[in-house]
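The values are calculated or read from the model by the stated rules, or taken from the named source; none is laboratory data. Here the structure is a predicted model, which is why all the values come from computation and not from measurement. Using ideal geometry, Cβ is built from the backbone for each residue, glycine included, and neighbour counts are taken over all protein chains shown. Surface accessibility is based on the protein's heavy atoms, side chains included, excluding ligands, DNA and RNA. Shrake-Rupley method; radii C 1.70, N 1.55, O 1.52, S 1.80 Å.
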Amino acid sequence: MPRKRKITTDEGDRKDQRDATEALKESLQDANQLPETAPRHLTSEAKKLWEKLVPVLNDTGYIIDVDSSTVETLVINYAMLREAYESIKKNKVVYEIDGKIYKNPAVAIVDSTTKIIKSVGSDLGLSPQSRATLIDMAKVEEDDEGQDYAERFGADR
């Protein structure tokens, strides 16, 4: 499988990578942004994350409306992760019935959703490496709430 293309505006990186990044920005200039209102069919937990995350993603300029299914995958898996974790908190990782010990099926859900969240989140610029690239590209500007991108992505914590 080929490597993912590097998105960068850093003068220290290769010219072809910077040119490709600029071409990407230009091609997305007229594209529609993601809707900030979450789709109705999402659970309340998934909606909360959608409505918190989408404004940040829209501000980067690299996520557009056709990426909505990717964002939806992320928020649905996050909601499933939270629900499974609640089951683990309530019933523990293993439990006993009639003297037999069973593994809580929610453990497998936590495992699989965590992997999906990590993969999809990275695609959206939510991993430390991809976030650093997007932050560099966004030229860290103040938003209406007085937070810059680094703070919104949790880099100052």
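Each row is one residue, and each column tells you yes or no for (1) touching a Leu at 6+ places or on another chain (Cβ under 9 Å); (2) surrounded by fewer than 16 Cβ atoms within 10 Å (Cβ to Cβ); (3) within 26 Å of Lys115 (Cα to Cα); (4) at pLDDT below 90.
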| position | (1), (2), (3), (4) |
| --- | --- |
| Ile7 | yes, no, yes, yes |
| Glu11 | no, yes, no, yes |
| Ser27 | no, yes, no, yes |
| Val93 | no, yes, yes, no |
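Yes/no matrix, rows are residues, columns are (1) surrounded by fewer than 18 Cβ atoms within 10 Å (Cβ to Cβ); (2) more than 30 Å from Leu24 (Cα to Cα):
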position	(1), (2)
Lys52	yes, no
Val56	no, no
Lys90	yes, yes
Lys100	yes, yes
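Looking at Val71, Val75, can you tell me which residue is at pLDDT 85 or above, among the β-branched types (Val, Ile, Thr), within 30 Å of Asp10 (Cβ to Cβ) and open to solvent by less than 40 Å² (accessible area, probe 1.4 Å)? Of Val71, Val75, the one residue that is at pLDDT 85 or above, among the β-branched types (Val, Ile, Thr), within 30 Å of Asp10 (Cβ to Cβ) and open to solvent by less than 40 Å² (accessible area, probe 1.4 Å) is Val71. Considering only residues in segment 102-111 that are under 15 Å from Tyr85 (Cα atoms) and in contact with a Phe, Trp or Tyr (Cβ under 8 Å, 6 or more places away or on another chain), the one that is surrounded by the most Cβ atoms within 10 Å (Cβ to Cβ) turns out to be Ala106. When residues of segment 115-127 are filtered for being assigned to a helix (DSSP H, G or I) and surrounded by 15 or more Cβ atoms within 10 Å (Cβ to Cβ), how many remain? Matching residues across segment 115-127 total 6. Take the conditions (1) under 17 Å from the mean Cα position of the chain (by Cα); (2) not in a helix (DSSP H, G or I); Ile101 misses just one of them, which is (1).
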